[in-house]
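Derivation of every value follows stated rules applied to the coordinates shown; laboratory data play no part. No experiment lies behind these values; they were computed from the predicted model shown. Methodologically, a virtual Cβ is constructed for each residue, glycine included, from the backbone with ideal geometry; neighbour enumeration extends over all protein chains shown.
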Amino acid sequence: MSDRLAMEDRRSSRLPFPAELGALVAMALAGLLGYLVFPDDLAFLTRLIGIVFLVLSLDLVTGYCGIATLGQSAIFGVAAYAVGNACLAGLVDPVALLGVGMVAGAVMGLASGVLVAKFQGLPQLVLSIAVGQLVAAMANKLSSVTGGSDGLAGISPGPVLGIFNFDLYGRTGYVFSLVVLVIVFVILLRFVRSPFGLLCRAIKDDSLRARMIGARVYPRLILMYGISGAVAGIGGALTAINTGVVGLDSVSFERSAETLVMLVIGGAGTLWGALIGSVVFQIFEHYVSAANPFHWMTILGLMLIVVVLFAPRGLVPLAVSVVDRIAPRLGGKS
Amino acid sequence: MTAPLLELRDVCKSFGGIRVNDGVSFVVREGDRIALIGPNGAGKTTLVNVISGGLDVSQGSILLGGHDITDFSIPQRVDAGLIRTFQITRLFTNLTVAENVALAVMQKKGITRKFFSSWIDRPNIRDQWMQILGLLGIAHLAAARVSQLAYGQQRLLDLALGLALEPKVLILDEPAAGVPSDESGRIIEAIDRLPPKIAVMMIEHDMDLVFKFAKRVLVLANGRLIFEGDPSAVTHDSEVRRAYLGTYADGRHTS
Ligand SMILES: Nc1ncnc2c1ncn2[C@@H]1O[C@H](COP(=O)(O)OP(=O)(O)O)[C@@H](O)[C@H]1O
Ligand SMILES: [Mg+2]
């Protein structure tokens, strides 16, 4: 026991720089690596980043608060439609469009939270699915706003900061998305360590006990849903901005389910888990579906089973515990 | 005379027609040290649940500082200074010991609405949780996860959460149960060091501890308060004896 504790203490105190700076550098390097590995497929990486936001947002409500939801893509999709419409209406500045996505996502998140956070367990899960299906059905019906099954097309935002035009190769889109991701991720790293983040983790552990220390659990969960919605909204906005279209798939149940899978693979309850889970899953999916278009779903299913069997808490917690075991042997016995 | 800190008026609680608390009335004043004892199943924990808001009363009312709080939510009661601990520990098991106590400290200060950066190690917060952990002799476990603690240590941490909330009335549900006897002295010690105005009510089976701690004893049997008075008198009371010998425990008494 004390071994591991000492480790945790040392790990945080021995870093000669703030952990956020490490995250920033690591992500910038990973982004550069992506650019080098997929130079002809930046559009794929850019889509990937949009989904990373969705998985991060799910982590905030599911990983940090323990809310069971299969309706997170509704928030993502509503924000994407809002951004699409704003752009078609003439608001073409990409940063302003991100703002639109954030606000739309936050509002949709708050609304979901009011319903979903009221309940627990299976009723909660069912309600989240219902909200998602309702949004999907409305997206299909309200074709004047969403383009129905054809989708909302022709979204063409102006240059970023008035300088960088979105180019055919997707370089601007990629760099823009990556920069936004790094900024949001670093902010979230600080956010989840905040007193509010700590309270949310406590609520996840035992919501009655949290009330017994004076916490207003329901309002706090709604608030977290709103914040999570803003994060999902950024993802929806980036997806609309970069792809130029918003389709029904962005609000689909499958997207919500896949988001949960990515979170579980990486490790719910840590931001790194959400980040790495979503990146690994999507790259794997990308390669496998290209290599074997007939059996890639089977292969993906098998991979999932293996991960859940050997790393039930996710890849990131597994990696941390492996490092914990190996590091003391390598690093002396101080 | 000022209103008592806590007052129960004819509090009843039934589960499916069975009265588990039956017309319980008593007052708690500033500085009180009350032991609530009674056989297993007497309804002591249920009474704590009713007082803390975890359960609604079936009948009767609860007053805090003269104000009726019968309809208050759990957090409202906590804000008003009515704090309880749990017979079966309830802690935030995936947080560290320090995080548990710091969270209670920050909740009390209204800091859990801060959305940015960790506050646990800020001096004014850190001093408080360190002091409470030190008082209970578990400061060396600050970085441990709750799930790594021995049960007795968890009991002490449950008490630490209560202390961190700066109670006016502190209700402890068998705080020493499961705590090794050499550590249970810590509990009495910690209570002794509380500001004298705080009222403490403790449910306890260990009579040595009761005599060390209590200035007044309440005895609950079959949901009814059958004795209220001096600790020295309780062992001589014939009704209390009968309660512990089981006449009450089978639930068929008439009186
Ligand atoms: N939630 C509940 N539903 C039904 N019966 C309960 C509930 N809680 C407690 N009881 C019953 O109430 C009685 C008193 O329990 P409790 O208050 O835990 O006693 P004590 O703490 O004095 O040992 C017991 O018979 C118990 O079975
Ligand atoms: Mg009990």
In degrees from 0 to 90, rounded to the nearest 10, what is the angle of the helix B:97-109 Cα long axis to the longest principal axis of chain B? 80
Segment A:276-334: chymotrypsin sites (Phe, Trp or Tyr not before Pro) in DSSP coil with no more than 12 other Cβ atoms inside 10 Å: A:F294
Work out the charge dipole of the protein assembly as shown with +1 on the Cβ of Lys and Arg and -1 on the Cβ of Asp and Glu about the Cα centre, then indicate which of B:I120, B:G41, B:G17 is farthest towards its positive end. B:I120
Can you tell me the Rg and the Dmax, both Å, for the Cα atoms in segment A:225-334? 17.2, 57
Stokes-Einstein, Kirkwood over Cα pairs, chain B, 25 °C, 0.890 mPa s; D in µm²/s equals 129
What is the Å³ per residue value for the convex hull set by the Cα atoms of segment A:17-333? 156
Would you work out if segment B:9-70 is rounded, prolate or oblate? Take a ≥ b ≥ c from the square roots of the eigenvalues of the alpha-carbon gyration tensor; rounded if a/c is under 1.5, else prolate when a/b is larger than b/c, oblate otherwise. oblate
Taking springs between alpha-carbon atoms closer than 10 angstrom, which of B:K212, B:K108, B:K13 fluctuates most in the Gaussian network model of chain B? B:K212
Calc'd 3J(HN,Hα), segment B:64-76, phi into Karplus 6.51 cos²θ - 1.76 cosθ + 1.60 (θ = phi - 60°), Hz, glycine/Pro = x, comes to 10, x, x, 9, 6, 10, 4, 9, 5, 6, 4, x, 4
Of all C-alpha pairs within segment A:53-139, those more than 19 angstrom apart amount in percent to 39
Straight-line reach check, B:K215, cutoff 16 Å on alpha carbons, 8 or more apart in-chain or any other chain, hits among aspartates and glutamates -> B:E30, B:D32, B:E189, B:D192, B:E204, B:D206, B:E228, B:D230
Answer with one residue from A:V95, A:P195, A:V180: the one whose Cα lies farthest towards the positive end of the charge dipole of the protein assembly as shown, charges on Cβ with Lys, Arg +1 and Asp, Glu -1. A:P195
Calculated [θ] (222 nm, deg cm²/dmol) that DSSP helices of n ≥ 4 give over chain B, each run adding -39,500 (n - 2.57): -9500 deg cm²/dmol
Magnitude of the Cβ-charge dipole (Lys and Arg +1, Asp and Glu -1) of chain B about the Cα centre, nearest 20 debye, reported as 480
Mind checking the full-extension length gain between A:S289 and A:K141? Use 0.36 nm per residue of separation minus the Cα-Cα distance, one decimal, nm. 50.1 nm
For the cross-link pairs B:K168/B:K212; A:K118/B:K13; B:K108/B:K168; A:K204/B:K109; B:K168/B:K197, which exceed 18 Å when the distance is taken from alpha carbon to alpha carbon? B:K168/B:K212; A:K118/B:K13; A:K204/B:K109
Please check: in the Gaussian network model of chain A (C-alpha springs, under 10 Å), which one of A:L97, A:L33, A:L178 has the largest mean-square fluctuation. A:L33
Please state the charge dipole magnitude for chain A, taken about the Cα centre, from unit charges on C-beta atoms (+1 on K and R, -1 on D and E), reported in debye and rounded to the nearest 20. 1200
For segment B:99-152, just run the numbers: alpha carbon Rg, then divide by 2.2 N^0.38 Å, N being how many residues it has. 1.17
Counting only residues 5 or more places away or on other chains, whose amide H sits under 5 Å from the amide H of B:Q59 once H atoms are built in the peptide plane? B:C12
In debye, nearest 20: dipole of the protein assembly as shown around its Cα centre with unit charges on the Cβ of K, R (+) and D, E (-)? 580
Enumerate the calculated ³J(HN,Hα) couplings along segment A:224-235 in order (Karplus 6.51 cos²θ - 1.76 cosθ + 1.60, θ = phi - 60°), each rounded to whole Hz, writing x wherever the residue is Gly or Pro. 4, 4, x, 5, 4, x, 4, 5, 4, x, 4, x
Which value does Rg/Rh take for the protein assembly as shown over its C-alpha atoms, Rh per Kirkwood? 1.06
Quick one: 3J(HN,Hα) in Hz for segment A:151-166, Karplus 6.51/-1.76/1.60 with θ = phi - 60°, rounded, Gly and Pro as x. x, 9, 10, x, 7, 9, x, x, x, 5, 6, x, 10, 8, 6, 5
